[in-house]
Amino acid sequence: MRYDTIIVGAGSAGGVLAARLTEDPAVSVLLIEAGPDFGGTIDGQPAEVLDAADAGPTSYDWGHEARLGALETSSPVFAGRLVGGSSATNNVMALRGQPDDYDSWGLPAWQYAGLEPAFERAEQMVNVRRYSSDEISPVQQAFLEACTAMGRPEVDDHNLPGATGAGVMPVNEVDGIRQSTALTYLAQARQRPNLTVKADTVAEVVLLANGRVAGIRTAAEEIESDRVILCAGTYGSPAILLRSGINNAGVGANLHDHPLLRLRFEADGEAATQPRQTLLTTDDLQIFPSGIENGELTVLVALLTPRSRGSVALSNGELEIDNGLLCEPDDRSSLLAGVDLARELVATKPLASHVGAELTADADLVAECLNVYQHPVGTCALGSVVDEAGNVFGVDGLSVVDASIMPTIPRANTNLPTLMLAEHLAEHLAVSRR
């Protein structure tokens, strides 16, 4: 069968595009996903996918390993492999970033003022909310009060332009259930006769003929289409381009992510806390307490403005990922300044009343406690690999729409910005078919 559009990857961006493009009943869309499809209702979802507090590797992951840049070691990096993608496995922090994160791209179509409607549509669809005061656990409340005691401003809404300081975290969860694109965008679109979801199917290459798209090839078949949209993520999309012989300058380059350090402290086991309820931001840092578990409190410190860059490449057909972590010396010093701030917070009352000795005090923090925040971007960047509408330079009918097209990373967890960019480009892609 021939389709008007094939979307490769049913994750954050792919779910949005499939739902938006099939609003036009005249457009047939095939949505390809390498992993399983658990449907669009809560009943069919595995517990680890539903549970908003269960963030990290799941049974439904690509299992990638990456070299950690300057550390010259490797570590797992996550990418959801199921309908819903990483939106079904992430930590539900729903942050926009700052306006100049997008304005600095220098692209007229990507100025923040023009992106706000797309953010608003995405936030409504995935049910973004903020914790109320009666939901905040004592330790999380103590964290906010310690921030205030240190002179950090209070923030009512971390998604207001220019907001930095301490406040409750915006999240896309309802009653503890992660609001993935599988349960939101796709749940509303599945009954449309012009949408076909094909799970457990790996797209190997894009088929080309005379400089334009002709379809895709999977292990089982070739499927025809005159438009293919790659939504396979920052690792997957450049890999498909490279396997298809599309090795334009910039494909797989510019990989970057937020460096993340985890500090561990003895904690009052009686003071139960929920993870990821409160957040402190500065111009370049994000600090927040995770949950207390086994008598320990974890405080996470992330650098939001990394300068280091890595790459995604193919070696004998296999994916090689080097995230370039801390290759730029300024990243190390900025991150360690965040560690100093986090330690000062933990030593400040009332948080200090709940927390004891630091369990990572004698560690080589960078060597033993550093990883990425699992927010990879940049490997099919706007202006380098794709134009402002997501079209791949030099190949008619081929687009990339996912976090890989972000030229620089926003100061935010990247799921909501990825939903936004798919909402933003869905309008252009719909118009281009008319």
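For the range 218-224, 3J(HN,Hα) computed residue by residue from phi via the Karplus equation (6.51, -1.76, 1.60; θ = phi - 60°) reads 10, 5, 9, 6, 10, 10, 8 Hz, glycine and proline entered as x.
For the chain, what is the relative contact order in percent, using Cα pairs closer than 8 Å and at least 6 residues apart in sequence? The partial results should precede the final answer.
On the way: 1047 pairs, mean separation 100.1, N = 434.
Averaging sequence separation for qualifying contacts and normalising by length gives 23 percent for the chain.
Here each label is just a point 7 Å from Cα along the line to Cβ, and for PHE393 and HIS428 those points are 1.5 nm apart. Taking Cβ atoms as reference points and 10 Å as the exclusive limit, the residues near GLY35 contribute a net charge of -3, counting Lys and Arg as +1 and Asp and Glu as -1. Relative contact order of the range 180-287: 13 percent, from C-alpha pairs under 8 Å at least 6 residues apart in sequence.
Take the alpha carbon gyration tensor of the range 34-121, find the square roots of its eigenvalues, order them as a ≥ b ≥ c, and report rounded if a/c is under 1.5; if not, report prolate when a/b exceeds b/c, else oblate. It comes out oblate by the Cα gyration axes.
Helices in the chain, meaning DSSP H runs of at least 4 residues, each add -39500 (n - 2.57). Divided by all residues, the mean residue ellipticity at 222 nm is -7000 deg cm²/dmol. Taking each residue as 0.36 nm, the span from ALA219 to LEU207 lengthens on full extension beyond its C-alpha to C-alpha distance by 3.0 nm.
Order 78-91, 127-140, 180-193 from most to least packed using the mean count of other Cβ atoms within 10 Å.
Working: 78-91: 26.9, 127-140: 15.9, 180-193: 21.7.
Ranked by mean Cβ neighbours within 10 Å, highest first: 78-91, 180-193, 127-140.
If you take all other residues with their beta carbon under 12 Å from the beta carbon of GLU320, and give Lys and Arg +1 and Asp and Glu -1, the sum is -2. Placing one equal scatterer on every Cα of the range 146-239 and applying the Debye formula, the log10 ratio I(q)/I(0) at q = 0.13 Å⁻¹ is -0.74. Label positions at ASN247 and LEU71, each projected 7 Å from the Cα along the C-beta direction, are separated by 3.0 nm. Electrostatic bookkeeping for ALA239 treats Lys and Arg as +1 and Asp and Glu as -1; over the other residues with beta carbon under 11 Å from its beta carbon, the sum is -2. Computed over the range 222-366, the P(r) curve from all C-alpha pair distances, binned at 5 Å from the origin, holds 2, 9, 15, 16, 12, 11, 10, 9, 7, 5, 3, 1, 0 percent per bin. Expressed as a fraction of 2.2 N^0.38 Å, the C-alpha radius of gyration for the chain is 0.96. At full extension, MET150 and ASP54 could sit 31.4 nm farther apart than now, given 0.36 nm per residue minus the alpha carbon distance.
Over all Cα pairs of the range 151-302, how is the pair count split among 10 Å bins, expressed in % and running from 0 up to the last occupied bin? Going out from 0 Å in 10 Å bins, the range 151-302 shows 8, 22, 25, 22, 18, 5, 0 percent.
Readers should treat all values here as calculations from the given coordinates under stated rules, not as data from a laboratory. The shown structure was predicted, so the numbers you read here are calculated from the model rather than taken from an experiment. Every residue, glycine among them, receives a Cβ derived from its backbone with ideal geometry; neighbour counts consider all protein chains shown.
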